[in-house]
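Read the figures in this text as sums done on the coordinates, not as results from a lab. Computed from a prediction, not measured in an experiment: that's the story for all the values here. Cβ: placed from backbone, ideal geometry, glycine included. Neighbour counts: every protein chain shown.
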Amino acid sequence: MLLGTLKPGDSLGVARIDTGSFSEKDIIAKKTFDKRPSVSNQQKRLFKDKVDRFVAAVKGSSYTDISGGVLQAVEYLNETGAGKK
């Protein structure tokens with residue numbers, strides 16, 4: 001449902017939080033969608049497929065690092081220029 005609300009040019013990232021320390025390898029998918037709607041829609045479908053495949057195969061973990069995940073998310077949003085006009 002979230003993907004349907006995103007507009008061309010928006011960015012989205014999905015990561016798992018399952019290790020003692022969060023790193024780039026924990027990012028499942030990240031994308032800044034093209035400004036052209038037709039291209040953006042195709043990118044959203046591919047993004048969803050990638051996340052769906054991950055969710056189907058993921059297993060639980062005893063350890064989490066939410067603070068590391070939040071810091072990585074902030075870094076990614078800063079890289080994309082999200083929220084800046």
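Below is a table of values for the structure above.
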item	result
Verdict on Lys84 being of a type outside the set (Gly, Ala, Ser), surrounded by fewer than 16 Cβ atoms within 10 Å (Cβ to Cβ) and in contact with a Gly (Cβ under 7 Å, 6 or more places away or on another chain)	no
Residue in region 32-42 that is assigned to a strand (DSSP E or B), surrounded by 11 or more Cβ atoms within 10 Å (Cβ to Cβ) and out of contact with any Phe, Trp or Tyr (no Cβ under 6 Å at 6 or more places or on another chain) present	yes
Search result, residues across region 50-69 that are exposed (fewer than 11 other Cβ atoms within 10 Å of the Cβ), in a helix (DSSP H, G or I) and of a type outside the set (A, V, I, L, M, F, W, C)	Asp52
